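Reading through the structure tokens given below for one structure.
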Amino acid sequence: MAFDYDQYMRPGKLPHIWCPGCAHGIVMKSIIRAIDREQLDKDNTVIVSGIGCASRMPGYVDFNTLHTTHGRALGFATGVKMAKPSMDVIVVSGDGDALAIGGNHFIHSCRRNINITLIVFNNNIYGMTGGQFSPTTPHGRLASTTPYGNPDYAFDVVDLAMGAGASYVARGTAYHTVPLTRLIADGIAHRGFSVIDALCTCPTTYGRRNKLGSATDMLLWFKGNTVGKKIVDKKPEKAEGKIITGVFRQDEKPEYCDEYAKIIEKVSD
Amino acid sequence: MSEKMVFYQGNEACAEGALYAGCNFFAGYPITPSTEVAEFLARRLPKQGGAFIQMEDEIAAMAAVIGASLTGAKSITATSGPGMSLKLENLGFACITEVPCVIVNVMRGGPSTGLPTGPSQSDVMQARWGTHGDHPAIALAPDSVQEIFTETVRAFNLAERLRTPVILLTDEIIGHMREKFTIPGEGEIEIWDRPRPTVPPEEYKPYDTSEGIIPPMADFGSGYRFHVTGLNHDETGFPTNIPSLVEPEERRLMAKVTENLDIIEKYEYMEKKGSKVGIVSFGSSARSTRSAIAMAGESGTSVDFLRLVTLWPFPSHVVNEMADKLDLIIVPEMNLGQMIEEVERSAGGKTEVIGVNRVDGEPITPDQILEKIREVS
């Protein structure tokens, strides 16, 4: 039987604002399936976002939803989680939102290891404002603010999350939706800060300018240019020229709210 | 708990007042001269099952305060000048989404890093207009340790009753000064909670004003699933740019303040018979003013005194009435003239208005004010 997405969607909120060919809808569907796999209670789940294309996602889905200021979603989410640790908190963010203006909140959330799941809709560009380069736009690429090629270098979301101390780090793509759903679901199930780098595409403001083909071509590119972490672990040479996907870290590490609960227990009157 | 006499500094009284008001969440970032508020709550909140978190910066702290409030917590942050500049981004978010919270600004000299350990009153206009866009503003400016306590309680009550952020504007002098004061017994000051919905979840609209100008607010996690956005939104909480829906909501945000002046405005007017000169002041400058007026009185000069506790909304009508009687109004403030602009505007040209200003990191002394009184009397 086909999966019933409607049970998690708010009636009357579609069509979404995303352009034709945008992969954000695919990532949204993976998130919904992951939530379904983990059987999260809609009343007990908060989805928080900042500003940008990806950040419009919470408006479409039927949970407690919080669309905040640019880059600050993790700050808001931290307040929600600390005040009500029993709630499941998911943050959706774009690459600019999570890593440029929200970069400080990103690394400190990783370090704090608070039980929040962050999904970065990583399409290498600021789409909503019309295609300016982001912290994940590769060196040399064209954007409206790098008309002669990007002189900047990109962040690797996985490396950044690992370095900052996130206890669950994974990467998937909008082409590989079944693994992406699993990666997100495992991130939700993980007790600690989880980062899922969800590679997706912006044909309108990035693909077109960089002559990357159609929306389908851009998705198919992931098929030919990624390799699973498990394969690379056995045969490192397979990583050559490829983007590695899969789970990079899944560590048991004391979670922030659990640690604070211990303090409350110790000192409370 | 029964009434208790303590010897506290202003920042500690602020934290104690927050707890009295039912505060159970603090998020902040260290900054002089406000840090004692955070330190006090870091010790006390977990003892009563609340939560304290030091965030990575002021912006995240303000975000966390709003996030916590959305779950039903009573939340507060404390900061000073440069930190307040960073709070402003999400202060605007709290205004448009109508999330109750309290922001303490223990004023220090500026601009920028300025005088971290020196007192100042130079954030008066920032408290009104700091965040971008039209927005309501409530700022309370106590002048003693006791009053910091009671005004912090009032700040929470107003935030909850009106679903809006409230700024407590103190300064380095009263923040760090120690005074004896009384913590009232439980129940002595009425504590208010935000209006919560009585309709079933399927009928709930987060900005429904059919029952009044302050829409009931559900807690995240209470079965009322709703959407919160910093975009202009309609009564359902979802974004809209339909002009006929945007403007009434913008106006309602302001009206929450202008239609509730009876519970927001607070001032003391000390009138002297036959006085031709009056003073308008607030915060620690009001303390010097009080001494100066007493000294002037000893030498036979009567001076009226309007001490503002609520700075925003500014009580123009009171100043306007004052201007009817007086020839001159003096406005002592530790800045180069901010509140004086409101006083001039409110006086409507009916009387002369002059300032006593100081921005060297030292308090305005009673002698400075007395000198001005003598000069003009």
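The values are calculated or read from the model by the stated rules, or taken from the named source; none is laboratory data. No experiment lies behind these values; they were computed from the predicted model shown. Quick reminder, even Gly has a Cβ in these numbers, built from the backbone with ideal geometry, and neighbours come from all protein chains shown.
Filtered by the rule that a residue be more than 13 Å from every other protein chain (Cβ to nearest Cβ) and within 20 Å of residue B:91 (Cβ to Cβ), region B:235-252 gives B:249, B:250, B:251, B:252. Among residues that are under 22 Å from residue B:10 (Cβ atoms) and in contact (Cβ under 8 Å) with a residue 40 or more places away in the chain, residue B:94 is not included.
Residue count for region B:317-346 under the criterion of being assigned to a helix (DSSP H, G or I) and either hydroxyl-bearing (Ser, Thr, Tyr) or under 23 Å from the mean Cα position of the chain (by Cα) (or both): the result is 12. Which residues, counting only those in region B:209-234, are farther than 21 Å from residue B:90 by Cα and more than 13 Å from chain A (Cβ to nearest Cβ)? Answer for region B:209-234, where residues must be farther than 21 Å from residue B:90 by Cα and more than 13 Å from chain A (Cβ to nearest Cβ): B:209, B:210, B:211, B:212, B:213, B:216.
Taking the conditions (1) buried (at least 24 other Cβ atoms within 10 Å of the Cβ); (2) in contact (Cβ under 8 Å) with a residue 12 or more places away in the chain in turn, residue A:70 satisfies each one other than (1).
Residue count for region A:7-24, restricted to those that are surrounded by fewer than 17 Cβ atoms within 10 Å (Cβ to Cβ) and either within 13 Å of the chain's Cα centre (by Cα) or within 10 Å of chain B (Cβ to nearest Cβ) (or both): 3. Test residue B:334 against the stated conditions and say whether it is within 24 Å of residue B:260 (Cα to Cα) and buried (at least 23 other Cβ atoms within 10 Å of the Cβ). No: the conditions fail for residue B:334.
Quickly run through region B:198-208 and pick out the residues that are buried (at least 16 other Cβ atoms within 10 Å of the Cβ) and either within 14 Å of chain A (Cβ to nearest Cβ) or modelled with pLDDT under 95 (or both). Of everything in region B:198-208, those that are buried (at least 16 other Cβ atoms within 10 Å of the Cβ) and either within 14 Å of chain A (Cβ to nearest Cβ) or modelled with pLDDT under 95 (or both) turn out to be B:204, B:205, B:206. Counting only helices (runs of 4 or more DSSP H) wholly contained in region B:1-105, the ones carrying 2 or more residues that are within 14 Å of chain A (Cβ to nearest Cβ) and surrounded by 24 or more Cβ atoms within 10 Å (Cβ to Cβ) occupy B:58-70, B:81-97. Does region A:24-42 contain at least one residue that is on the phi > 0 side of the Ramachandran plot and touching a strand residue (DSSP E or B) at 6+ places or on another chain (Cβ under 9 Å)? No; the residues of region A:24-42 include none that is on the phi > 0 side of the Ramachandran plot and touching a strand residue (DSSP E or B) at 6+ places or on another chain (Cβ under 9 Å). So if I check each of A:42, A:81, which one is more than 22 Å from residue B:63 (Cβ to Cβ), at pLDDT 95 or above and within 10 Å of chain B (Cβ to nearest Cβ)? Of A:42, A:81, the one residue that is more than 22 Å from residue B:63 (Cβ to Cβ), at pLDDT 95 or above and within 10 Å of chain B (Cβ to nearest Cβ) is A:42. The set of residues in region B:1-50 being of a type in the set (Ser, Thr, Tyr) and closer than 10 Å to residue B:78 by Cβ consists of B:29, B:34, B:35. Looking only at region A:231-269, residues that are loosely packed, with under 11 Cβ neighbours inside 10 Å and away from chain B (no Cβ under 14 Å) come to 7 in all.
Just wondering, is there one or more residues in region B:154-173 that are touching a strand residue (DSSP E or B) at 6+ places or on another chain (Cβ under 9 Å), under 26 Å from residue B:288 (Cβ atoms), at pLDDT below 95 and not β-branched (Val, Ile, Thr)? No, the conditions are met nowhere in region B:154-173.
All conditions in (1) surrounded by fewer than 20 Cβ atoms within 10 Å (Cβ to Cβ); (2) closer than 28 Å to residue B:316 by Cβ hold for residue B:242, with the sole exception of (2).
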